[in-house]
2 protein chains.
Amino acid sequence: MTYKFASRMNHLKASEIREILKVTEKPDVISFAGGLPAPELFPIEAIKEASNRVLEEDGIKALQYTTTEGYSPLRKWISNRMNKKWQTNFGADNIMLTHGSQQGLDLTGKVFLDKGDIVLCESPTYLAAISAFKAYECQFMEVATDEEGMILEDLEKVLESHIDKIKLIYVIPDFQNPTGRTWSLNRRKELVKLATKYEVAIIEDNPYGELRFEGEMLPSVQSLDKEGWVISLGSFSKVFCPGYRIGWVMASKSLIEKYVLVKQGADLQCNTMAQMVIAKYLELYDIDVHIQNICDVYKDRRNTAIKVMEQEFPTEVKFTRPQGGLFAWVELPEFMNAKEVLEKCIEKNIAFVPGSSFFPNGGNENTLRLNFSTMPVEKIKEGLKCLGNVIKEMSV
Amino acid sequence: MTYKFASRMNHLKASEIREILKVTEKPDVISFAGGLPAPELFPIEAIKEASNRVLEEDGIKALQYTTTEGYSPLRKWISNRMNKKWQTNFGADNIMLTHGSQQGLDLTGKVFLDKGDIVLCESPTYLAAISAFKAYECQFMEVATDEEGMILEDLEKVLESHIDKIKLIYVIPDFQNPTGRTWSLNRRKELVKLATKYEVAIIEDNPYGELRFEGEMLPSVQSLDKEGWVISLGSFSKVFCPGYRIGWVMASKSLIEKYVLVKQGADLQCNTMAQMVIAKYLELYDIDVHIQNICDVYKDRRNTAIKVMEQEFPTEVKFTRPQGGLFAWVELPEFMNAKEVLEKCIEKNIAFVPGSSFFPNGGNENTLRLNFSTMPVEKIKEGLKCLGNVIKEMSV
């Protein structure tokens, strides 16, 4: 028997990260692979308090269906927060809650992409955004990036030559996944100018922006846009906990109406209880204290990672020094293949993600992504020292 | 400025039900419109107990990312339950959890449908399945139904003449939404035979099957399939509570792998906490006691609804007498338009859903769907008497 699948199924394959994560489920593995927040920081007691309060005060509402847009008090909180932190000027009506910001990516594909359309993205870019958009049978054109973001001359060249097919520019301007890099203010401004000139929507994905360990926050790309070309995606996964799967999309009201239409068909609404528990937590507790706590711990871990890499990696290995977020990016000498390095590392119970998965059109086999948020400092020392040794052995 | 949307956006419009539900948010409205479970039956105290136990015993796991397939103990429980109640023979590996069974519909569209493909469905069929599949730009061919299910001669005629384009047969064999009808055993068997002969996948959507007030449960369509053509969708929304958004898809392992692939891109996974709370509830409490309680209450409400319709509706109005579920279906005289009836009813604070929305290709303006699960008996009496009067006035 042969099932007749949609043609998109020919292009979809299992996420390499998810497959590697299966290996890393063994408790003794030192994993730099996932994008997991440090679970020991989850505010379990506070969540218990918030859950009980919600069930006691408004249990029927919390367990019933709700609107597709999501729970108003939470949307109001998010818009206030975004305006305060990222200099936007939006209200609750500009926000629709999503089942994690991954759903924001999927719904974006649904709203914008026809088969054969082009998505412009940073090179490298977020692996699961590639999967989400690929389900709509689009093509990807990668724009080269440096320490400040996309290289604008390259971006304009691509826009000019392929404007008929380009539907979206997808960027992660703060502590990018996978590189950890942050766009400069100037590049943000110029990106908005170009999108406005060529009339292309920008997706600004910002799950890590609040996890800044040092330096000044920059205005979001969306805050620099006066016409409504920018759609931003946000999430509670990295500043609260991922298990609740609550993220959001923020955009002009006419765009939010489109997202509501597609979310209705996709899953009706987000988990009502989760929305109300998060809103209650935000009412009862100061999330800034919690975020500061996360930043303190991750900063230590990043410092450790950088220090060990400086000491233990051969000098020809390059790596980023992120000011926040969860990830650093490593470039091995060109002759080296990160998948082969990974194979040797897994024998020693160490895992990371080879970088080629983050390039939608492949290549760059000598790169890899390191997560520094999940493992405690001692494990980071041990794991990266070991990784350094494997690289040295393979350099000979 | 003009955003460049995907072509599917031209065909999507706001759900008529959701728009009507906005009207019915006023507390004094007697609503037969939604598909809401009776909220006063939600086991709030038990859920509180289960939530606290999960957070105390395994809080870190409950708040962290988990697998796309979903929490194993819950998948194991579901497969056991399905085997026991519906005579299938599956294990946890045949199950993937979904964000409500609405997501099961969306992912089905993603796995199977290319632009222009045909979905065969009952006439009428579930409104939100139409929205879910329409996002993949398919066409619908409606197969006439009677009291026993699809009329098989009609089904075979369509299969024969359009087999190249037909990807799915979508059915709701138990207490169908919107008609409340249940397929006979013979039709179930013949449906499987035809699908096998023509090699077309069947989607068996069964959110209401456990809410049987009388009569014998029949084996599921899936249990009659020896080759793996049937994919079933299930949900905790109607037997537990909808706010948690936990449903499932059950199918052959090779199909579940495809669903996992598309769910990864769509939203990574279901809410971890919700999965674990439901599993804990099922461990601590007897859900059959809870379901019996729901059935007792709904049976009373259905009895009331039927009795009032028999007494108060003109004899030329026909309606179904469902043995379970949430809905009954009304056929007004052909000259009458249910949308006009609704307008008059809304003036009197009474709401229902006009039936034409349940026909993907339109028509049947003289039909309507009545939900009998949400309103208490006294409101049902008052509301249906009033609806009867409006129909009488418009009959003159």
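Here are some notes:
- The range A:45-284 - percent of accessible surface contributed by carbon and sulfur, probe 1.4 Å: 47 percent
- In Å, descending, principal axis extents of the Cα set of the range A:194-233: 35, 17, 13
- Fraction of antiparallel bridges per DSSP, chain B only, in percent to nearest 5: 50 percent
- Across the range B:189-316, C-alpha contacts under 8 Å between residues 6 or more apart give a mean separation that, scaled by the residue count, equals a relative contact order of 22 percent.
- Counts of other chain beta carbons within 10 angstrom of each beta carbon in peptide B:270-280 average 4.
- The alpha carbon centroids of the range A:334-396 and the range A:206-264 are separated by 31 Å.
- Between B:229, B:207, B:179, the Cα set farthest toward the positive side of the dipole of the range B:179-244 (charges on each charged residue's Cβ, about the Cα centre) is that of B:179.
- Here's the picture: charge each Lys and Arg Cβ at +1 and each Asp and Glu Cβ at -1 in chain A, and of A:272, A:94, A:289 the one pushed furthest to the positive end of that dipole is A:272.
- Qualifying chymotrypsin sites (Phe, Trp or Tyr not before Pro) in the range B:287-369, where qualification requires a DSSP coil assignment and no more than 16 other C-beta atoms within 10 Å, comprise B:335.
- Loop-resident sites, the range A:142-221, for chymotrypsin sites (Phe, Trp or Tyr not before Pro), counting at most 14 other Cβ within 10 Å (DSSP): none
- Flagged links, alpha-carbon separation over 18 Å, of A:13/B:165; A:76/B:13; A:197/B:4: A:13/B:165; A:76/B:13
- Take residue B:161, move 7 Å from Cα toward the beta carbon, and the resulting point lies 5.1 nm from the same point in each other copy, nearest first.
- Chain B, relative contact order [Cα under 8 Å, separation at least 6], %: 24 percent
- In nanometers and ordered shortest first, the copy-to-copy spacing of the residue B:89 label point, defined 7 Å from Cα toward Cβ, is 6.8.
- Dimensionless Rg ratio for the protein assembly as shown, taking C-alpha atoms and the 2.2 N^0.38 Å reference: 0.97
- Using θ = phi - 60° in the Karplus curve 6.51 cos²θ - 1.76 cosθ + 1.60, the 3J(HN,Hα) couplings for the range B:353-362 round to 10, x, x, 4, 4, 8, 10, x, 9, x Hz; x is entered for Gly and Pro.
- Cross-link reach list, lysines versus residue A:61, counting only Cα pairs under 16 Å and skipping chain neighbours closer than eight places: A:280, B:22, B:26, B:48, B:238
- Convex hull volume per residue in cubic angstrom - Cα atoms of the range B:278-392: 122 Å³
- Each Lys and Arg Cβ is given +1 and each Asp and Glu Cβ -1; about its Cα centre, the range B:45-284 then shows a dipole of about 560 debye.
- Taking a ≥ b ≥ c as the square roots of the eigenvalues of the Cα gyration tensor, an a/c ratio of 1.5 or more together with a/b no larger than b/c marks the range B:9-114 as oblate.
- Looking at the range B:1-106, the trypsin sites (Lys or Arg not before Pro) that sit in a DSSP loop and have at most 13 other Cβ atoms within 10 Å of their own Cβ are B:13.
- Global size of the range B:172-278 as Cα Rg and Dmax, reported in angstrom: 15.3, 43
- For the range A:114-218: rounded, prolate or oblate by the Cα gyration tensor [a/c cutoff 1.5]: oblate
- Top positive-direction residue, dipole computed over chain A with Cβ charges, set A:364, A:337, A:239: A:239
- Over all pairs of different C-alpha atoms in the range B:240-322, the reciprocal of the mean inverse distance, the Kirkwood hydrodynamic radius, equals 16.9 Å.
- Rg/Rg_ref, chain B, where Rg_ref = 2.2 N^0.38 Å and atoms are Cα: 0.98
- Sorted from shortest to longest, the distances between the residue B:4 label points of this copy and the other copies are 3.2 nm, with each point 7 Å from Cα along the line through the beta carbon.
The values are calculated or read from the model by the stated rules, or taken from the named source; none is laboratory data. Please read all numbers here as calculations on a predicted model, not as lab measurements. Using ideal geometry, Cβ is built from the backbone for each residue, glycine included, and neighbour counts are taken over all protein chains shown. Please note that ligands, DNA and RNA were not included when accessible areas were found on the heavy atoms of the full protein model with its side chains. Shrake-Rupley method; radii C 1.70, N 1.55, O 1.52, S 1.80 Å.
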